[in-house]
């Protein structure tokens, strides 16, 4: 009798595990479809992702090969690419109206900054997200206008580390440089209450990326200008010294 009960328990547990795996796979596909469907509507650029895997057993998810394209008018193909994004979720919240994301970690994403400090690809994408929901926009950021079934989100901890920025300055003078950005750490996004929409979440994350990149670019541009001025002055001093030497040799 005990053996029969044990067998039944094992079978039930196995069915539950298989069910969770199947549900997790299907949810991963749903998340991927959501990213490639609504991402372009928010950013007004191309958004692609290779795969989204989700495990309900461990509450972990992984987004592979995310690429956010550049707005029209920019030469570089992508603004942001990330090989792997590790996500920790509360499995019990996946079926609720507010999805609780415990952690998000992006390691070594590649960011392209093209343009100038007053106008660039990252700021343009951020403007596109900010305009979403306004007159003529695709998605509404007005809470009262949001459909009741729209998911809200809470992100407890988000870390972007080891980001590399390929900076292509087009004004005031053309120059290109590669930078390593400082870590970007955001916490308690949408915590408390009903949470925040996907649009608001994207806005806050991109705003952090854009402001961090612009600060790094501005600092680098200032250093480059100072170095250029120093080199120019050194060249002028060397020329004066050489002229003095020639004049002294004549006497």
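Readers should treat all values here as calculations from the given coordinates under stated rules, not as data from a laboratory. Note that the structure is a prediction, hence the values are computed from the model and not measured. Using ideal geometry, Cβ is built from the backbone for each residue, glycine included, and neighbour counts are taken over all protein chains shown.
Would you mind calculating the gained length between residue 183 and residue 211 on full extension (0.36 nm times residue separation, minus the Cα-Cα distance), in nm to one decimal?
Values: separation 28, 0.36 × 28 = 10.08 nm, distance 1.23 nm.
The span from residue 183 to residue 211 would gain 8.8 nm if fully extended.
Spin-label model, residue 84/residue 176: points 7 Å from Cα along the beta carbon direction are separated by 3.0 nm.
When only alpha carbons are used to place a centre, the range 82-106 and the range 155-198 end up 18 Å from one another.
Spacing of the modelled spin labels on residue 50 and residue 151, each 7 Å from Cα toward Cβ, amounts to 2.2 nm. Packing, taken as the mean count of other beta carbons within 10 Å per residue, orders the peptides 184-194, 208-218, 105-115 from highest to lowest as 105-115, 208-218, 184-194.
Placing a label point 7 Å from the Cα of residue 159 along the Cα-to-Cβ direction, the residues of the range 76-115 with a backbone N closer than 12 Å are 86, 103-108.
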